[in-house]
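First up is the structure itself, then whatever we jot down about it.
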Amino acid sequence: MKSSRRPSPLQRLRRMHDQLVAAYGPQSWWPAETSFEVVLGAYLTQNTAWKAVEKSLANLRAVGALTIAGLRSVPLEELRVLVRPSGFSTRKAPALKAFVAMLDEEFSGSLDVLAATPTLALRHRLLALPGVGPETADAILLYALGHAVPMADEYLRRIAERHQLVEPAPGRNRRGYESLVRLTQQAFAADPVEGHTQLFNEFHALNVAVGKAHCGRTARCIGCPLADDLQWTKSDPI
């Protein structure tokens, strides 16, 4: 039964974080040993499953290319072969080379120098790189460089639209992505600023967990830790 007082979408999304923490516990994600490995994974995971990314990362590890210096020294044609398991290798390999070139030319070849750049300026610079859209830029900012930015992936889009927290956006467009980012920022606005990086980190990882278990292309709401929130929707999830 619905209570008489309807919570706002911001209140509901913030509560979803707590429900997911209670259900799944801390995720300690992104799965990587170094910040540069996170960068590589952010590029390689575009339009592919993580298992495929793991194969590409294993190939890179075998030739010592999980470091900036290592990737810099690998010829482009060889890099295409190494990352082929992730798909789109003719696009992803040059994009990785472009990231390292930017790092060398503008940030002394250092991720620490890159990370010291103000968030908005750094996001703008990353988005100007080939092969970098908003989701990839935000993954790099959050997980590799420690900036407090939310990530809005396909799982969050499904959750937010099915729970009617946002209006459905046509396709996976930039406008729809940015609206989810703003929603998440506002939902956590009352939390201490110094904890935002960890909150956004965990919230994204938790969305991945519940998405894989319950919110795939077809919603599987039975047993979902977010199922009780559906009382605030006008219809069953799609």
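The values are calculated or read from the model by the stated rules, or taken from the named source; none is laboratory data. All values reported here derive from a predicted model rather than from experimental measurement. Cβ: placed from backbone, ideal geometry, glycine included. Neighbour counts: every protein chain shown.
Search segment 206-238 for residues being in a helix (DSSP H, G or I) and among the polar types (S, T, N, Q), and hand back the single one that is surrounded by the most Cβ atoms within 10 Å (Cβ to Cβ).
To start, the set of residues in segment 206-238 that are in a helix (DSSP H, G or I) comprises 206-213, 227-232.
Add one more test, that the residue is among the polar types (S, T, N, Q), and what stays is 207, 231.
Working: 207: 27, 231: 10.
So, considering only residues that are in a helix (DSSP H, G or I) and among the polar types (S, T, N, Q), the one surrounded by the most Cβ atoms within 10 Å (Cβ to Cβ) is 207.
Checked against (1) in contact with an Asp or Glu (Cβ under 7 Å, 6 or more places away or on another chain); (2) modelled with pLDDT of 95 or more, residue 27 meets all criteria but (2). Restricting attention to segment 188-238, the residues that are over 22 Å from the mean Cα position of the chain (by Cα) and among the acidic types (Asp, Glu) add up to 3.
Quick one: would you say residue 37 is assigned to a helix (DSSP H, G or I), modelled with pLDDT of 95 or more, acidic (Asp, Glu) and more than 18 Å from the chain's Cα centre (by Cα)? Outline the logic, then answer.
Values: assigned to a helix (DSSP H, G or I): yes; modelled with pLDDT of 95 or more: yes; acidic (Asp, Glu): yes; more than 18 Å from the chain's Cα centre (by Cα): no.
Spelling it out, it is not the case that residue 37 is assigned to a helix (DSSP H, G or I), modelled with pLDDT of 95 or more, acidic (Asp, Glu) and more than 18 Å from the chain's Cα centre (by Cα).
Please work out which residue is surrounded by the fewest Cβ atoms within 10 Å (Cβ to Cβ), limiting yourself to segment 112-145 and to residues that are touching a helix residue (DSSP H, G or I) at 6+ places or on another chain (Cβ under 6 Å) and not aliphatic (A, V, I, L, M). Here the answer is 130. Within segment 62-102, the set of residues being surrounded by 16 or more Cβ atoms within 10 Å (Cβ to Cβ), over 22 Å from the mean Cα position of the chain (by Cα) and of a type in the set (Lys, Arg) comprises 80 only. Quick check on segment 142-155. Is at least one of its residues under 25 Å from residue 8 (Cα atoms), in a helix (DSSP H, G or I) and touching a residue at least 12 places away in the same chain (Cβ under 8 Å)? Yes, some residue in segment 142-155 is under 25 Å from residue 8 (Cα atoms), in a helix (DSSP H, G or I) and touching a residue at least 12 places away in the same chain (Cβ under 8 Å).
Would you call residue 5 among the charged types (D, E, K, R), surrounded by 15 or more Cβ atoms within 10 Å (Cβ to Cβ) and over 23 Å from residue 134 (Cα atoms)?
On the way: among the charged types (D, E, K, R): yes; surrounded by 15 or more Cβ atoms within 10 Å (Cβ to Cβ): no; over 23 Å from residue 134 (Cα atoms): yes.
It is false that residue 5 is among the charged types (D, E, K, R), surrounded by 15 or more Cβ atoms within 10 Å (Cβ to Cβ) and over 23 Å from residue 134 (Cα atoms).
With the requirement that a residue be farther than 14 Å from residue 48 by Cα and either touching a strand residue (DSSP E or B) at 6+ places or on another chain (Cβ under 7 Å) or outside any helix (DSSP H, G or I) (or both), what does segment 61-94 give you? Spell out the reasoning first.
Taking segment 61-94 first, the residues farther than 14 Å from residue 48 by Cα are 61-82, 90, 93-94.
Matches in segment 61-94: 63, 64, 65, 66, 67, 74, 75.
Pairs are defined by a Cβ separation below 9 Å, a sequence spacing of at least 6 or placement on different chains, a first member in segment 116-133 that is in the same structural domain as residue 91 (by TED's automatic domain parsing), and a second member that is outside any loop (DSSP other than H, G, I, E, B) and among the acidic types (Asp, Glu); the pairs so defined are 123/138; 125/106; 126/138.
Taken over segment 186-205, the criterion of being in a helix (DSSP H, G or I) and exposed (fewer than 15 other Cβ atoms within 10 Å of the Cβ) is satisfied by 193, 194, 195, 198. For the residues 61, 84, 14, the requirement of being outside the structural domain of residue 128 (by TED's automatic domain parsing) and among the basic types (Lys, Arg) singles out 14.
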